[in-house]
Amino acid sequence: MDAMNAHAEAIMTHEVHYDEHQAHHHNQSFISKYIFSQDHKTIAKQFLITGIIWAMIGGLFSVLFRLQLGFPGQSFPILETIFGKWAPGGEIKPEFYYALITMHGTILVFFVLTAGLSGTFANLLIPLQAGARDMASPFLNMLSYWFFFLASIVMLSSLFIQTGPAAGGWTVYPPLSALHTASIGSELGMDLWIVSMALFVVSSLLGGINYISTILNMRTKGMSMTRLPLTIWAVFFTAVLGVLSFPVLLSGLILLLFDRNLGTSFYLSDIVVNGQIMPNEGGSAILFQHLFWFLGHPEVYIIILPTMGIVSEIISINSRKPIFGYMAMVGSLFAICTLAFLVWAHHMFVTGMNPLLGSIFVLLTLLIAVPSAIKTFNWLTTMWRGNIRFTPAMLFSIGFVSMFISGGLTGIFVGNSTLDIQLHDTMFVVAHFHIVMGVSAFFGMFAGLYHWFPKMFGRYLNTTLGYIHFWVTLIGAYLIFWPMHYEGLAGMPRRYLDKSPWVSFSQFGDLDRMITIVSIIVYAVQLMFVFNFFYSIFKGRKVTTQNPWKANTLEWTTPIRPGHGNWPGEIPEVHRWPYDYSKDGRDFIPQTEPVGANESNEH
Amino acid sequence: MDIVSNQQRKKIHPRKFTMWVAIASIIMMFAGLTSAYIVKSNQAAWQEIELPKIFWGSTIVILVSSLTMQIALRSFKQREMRQYRVFIASTFLLGSVFIIFQCIGFLQLWEQQQVTLKGSGAGQFLYVIFGLHVLHVFGGVIALLVMFTRAFFGKIKMYSPVPVELAATYWHFVDALWIYLLIFFLWVR
Ligand code: HEM
Ligand SMILES: [Cu+2]
């Protein structure tokens, strides 16, 4: 294919869109500008702000159930004031505890770290960094947000119904999720959960399809795939994962809906509820686990890949050094993306799986350590002897690498099916995935926010608050999650609301109290960040230069507050890869600068 | 707002590309369901069914409709609008007949073979899987209805073949998907 020609054509088509846009720029109403906006930058902000609201709710839930875990049996009258019948006498009811952990997991995994994260950065960065006026289909992009909004409304409403929200864990395993009578959280709340997640899947498919299409088809002239910043590669593979795995979750949920409401028994067999024998015969609960984890495992990479891209970009910029091993970074993203589809059964080692099959999944699972290690190595070597600028974004990126290493190492433990017999469903797993996914992804997201806030709002986030935010969160996260490894190794189960009946766990009483207190502090510091965020939108220090971080990528060639269409004139042409830092004695060379006659060859 | 004009000759049109990605994701959904079917069919208490004969009728209908769709597309590209209208209308009608046939098939299964939603055998899977397929066909029929109204009553002349091409791609896809599902149900026992 004649690449140049194709690019030239792409440019032309961009212009068509742009002119058309100019035409109705003046009479844009408030509604079409801020609410039903088709501008990718506005949609990014919508995803972000919705995500922030969800994060505050989901985070608050974790503080509440930590209160229970740290101080079992103790009464907190304020809980009764707020939650009424769910916390009689100020003590959380068991049903409420399960509702809280279920909603915490669902909200943070899907609503914050999937929609809030990909929705923000894919939307913001794809057109800006690949050089396009907007997404391939701005309309579908807008729909993607509104489906997410609907999903949010449905999930939120489930918090307020009589029987409360779903309460069978974020993995909604049957039979708990498949029988209305199984528990109070299996009533209407569970149906709303399924409906909400179905809407959520539609939203992420619309988004993902659009991201892929835009990245492959709408790059500016000269922007070959290998000149793309790693952020774009990362959101590209994220979208591929989502588009291929979310539909499988949807099929699992459809079968679940049939089982719940129409009398089929795909997942149900030989069940007795409250002494009553259920009529369901011939189903298999394990079937659901297969369908769930076929999404569930790729999902954890849907969460982490975008932050890997963000962190790669920020580390390179703030070390003033080219990223180490660009092609290895792309290759390992690809490897992770492929392997992600082949390892789901490592969540099911203890379901009575054939040991041979189990060992195949062990092998494939441990293989993921290879591309993960390559990436870690490359981040470290990029920083090595760099001229590091410790901006809040950079600190969070370094924190990301630290967390990712810590949590990745425990992945090797749980990835062994034999060890997993001991570790499965203990606090060890909770420690593993919170460090490697939860905290890491949040660090990557914070890094991205501190870094691109100036592009989003034309102002900076407050740096001092940023440093406080970073140090408290880093130290706090380790204090919270590190001790959980010990609890898990000792066999302490996850998802139990009161472990005091076990004498052998009484040694962890103080530890659990410490964890709870630190969680409260860390949560408060996140609220401080949210304050910083909203305050800085209106009152933050103004950005005065076009390229405040002295970065090479295209988004910094747009005006400080770009309008719809991003570049007032033509979209700039790209002549080089995005990582020419400290080259030939120059601090940085933007992608738009043609390669000089006597420029050295090495990247 | 339309970002893409039909000036891109060599490169695949972004809309069409988007359609292919969407198709990939639909494929994954049915792959999930048919894998579930395979897993379940190897377990105890699996119940077989007899496929109602009418599904063969609907197979012929949807195959013919693919053909008419293709002719409609060709006519559109050659600007033979009269022929285009006739064939897009026939595709729409055939699509509707397909949906009716499928529903008759479901009814026959329900009434003649007493396969209800109780249980988890081939019959229950059939309702879910064929049912979801019919929904996808229904989406295509709606799209055809839109094109058909535009072709007959539209005031604005359409020149770009892209919408018709998109409809055709999707239509052939649901056709192929049906063939796959039919063979699957005949094969996996
Ligand atoms: C070297 C890499 C990794 C390996 C070998 C690994 C392996 C595993 C295994 C075997 C489990 C199941 C443990 C059990 O339930 O008994 C697990 C759980 C989990 N992992 Fe990892 N993991 C790795 C990296 C990651 C990464 C990078 C993420 C996310 C970004 C992640 C997220 C999770 C989550 C969310 C769970 C728990 C799901 C749940 O049961 O609720 N893991 N991991
Ligand atoms: Cu996994």
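The values are calculated or read from the model by the stated rules, or taken from the named source; none is laboratory data. Just so it is clear, the model here is predicted, and its values are computed rather than measured. Positions of Cβ are generated from backbone atoms using ideal geometry, with glycine treated the same way; all protein chains shown enter the neighbour counts.
Can you find even one residue in the range A:377-398 that is surrounded by fewer than 15 Cβ atoms within 10 Å (Cβ to Cβ), within 16 Å of ligand 1 (Cβ to nearest atom) and either within 14 Å of another protein chain (Cβ to nearest Cβ) or of a type in the set (A, V, I, L, M) (or both)? There is no residue in the range A:377-398 that is surrounded by fewer than 15 Cβ atoms within 10 Å (Cβ to Cβ), within 16 Å of ligand 1 (Cβ to nearest atom) and either within 14 Å of another protein chain (Cβ to nearest Cβ) or of a type in the set (A, V, I, L, M) (or both).
Taking the range A:290-333 as the range and being away from ligand 1 (no atom under 13 Å from the Cβ), closer than 20 Å to A:F433 by Cα and surrounded by fewer than 23 Cβ atoms within 10 Å (Cβ to Cβ) as the test, only A:H290 passes. When the range A:295-320 is filtered for residues that are within 12 Å of chain B (Cβ to nearest Cβ) and modelled with pLDDT of 95 or more, only A:P298 remains. Check whether at least one residue in the range A:343-365 is more than 16 Å from ligand 2 (Cβ to nearest atom), more than 30 Å from A:F453 (Cβ to Cβ) and outside any helix (DSSP H, G or I), and report yes or no. Yes, because at least one residue in the range A:343-365 is more than 16 Å from ligand 2 (Cβ to nearest atom), more than 30 Å from A:F453 (Cβ to Cβ) and outside any helix (DSSP H, G or I). For the range A:103-110, the criterion of being surrounded by 20 or more Cβ atoms within 10 Å (Cβ to Cβ) and at pLDDT below 95 is met by none of the residues.
Considering A:A477, A:A393, A:A369, the condition of being within 22 Å of A:S118 (Cα to Cα) and of a type in the set (G, A, S) is satisfied by A:A393 alone. In the range A:345-375, of all residues being more than 10 Å from ligand 1 (Cβ to nearest atom) and out of contact with any Ser or Thr (no Cβ under 9 Å at 6 or more places or on another chain), the one that is nearest to A:V429 (Cα to Cα) corresponds to A:T351. Any residue at all in the range A:234-257 that's more than 16 Å from ligand 2 (Cβ to nearest atom) and under 25 Å from A:F588 (Cα atoms)? The answer is yes, given that some residue of the range A:234-257 is more than 16 Å from ligand 2 (Cβ to nearest atom) and under 25 Å from A:F588 (Cα atoms). For A:F442, are the conditions met, namely being within 14 Å of ligand 1 (Cβ to nearest atom) and either free of Cβ contacts under 8 Å to residues at least 40 places away in the same chain or in a helix (DSSP H, G or I) (or both)? For A:F442, the condition - within 14 Å of ligand 1 (Cβ to nearest atom) and either free of Cβ contacts under 8 Å to residues at least 40 places away in the same chain or in a helix (DSSP H, G or I) (or both) - is met. Going through (1) in a helix (DSSP H, G or I); (2) touching a residue at least 24 places away in the same chain (Cβ under 8 Å); (3) within 14 Å of another protein chain (Cβ to nearest Cβ); (4) away from ligand 1 (no atom under 12 Å from the Cβ) one by one, A:G283 falls short only on (1).
In the range B:28-56, the residues that are more than 7 Å from chain A (Cβ to nearest Cβ) and closer than 16 Å to A:T264 by Cβ form Cβ pairs under 7 Å with partners that are among the β-branched types (V, I, T) and buried (at least 21 other Cβ atoms within 10 Å of the Cβ), at six or more places apart or across chains, as follows: B:I49/B:V115. Output the number of the condition that A:K583 fails; it satisfies all remaining conditions of (1) farther than 26 Å from A:G458 by Cα; (2) free of Cβ contacts under 8 Å to residues at least 40 places away in the same chain; (3) not β-branched (V, I, T). (2) is the only condition that A:K583 fails. In summary, A:I302 fulfils each of the numbered conditions (1) among the β-branched types (V, I, T); (2) closer than 23 Å to B:A45 by Cβ; (3) within 16 Å of ligand 2 (Cβ to nearest atom) with the single exception of condition (2). Per the conditions (1) assigned to a helix (DSSP H, G or I); (2) under 28 Å from A:F443 (Cβ atoms), the sole criterion not satisfied by A:W170 is (1).
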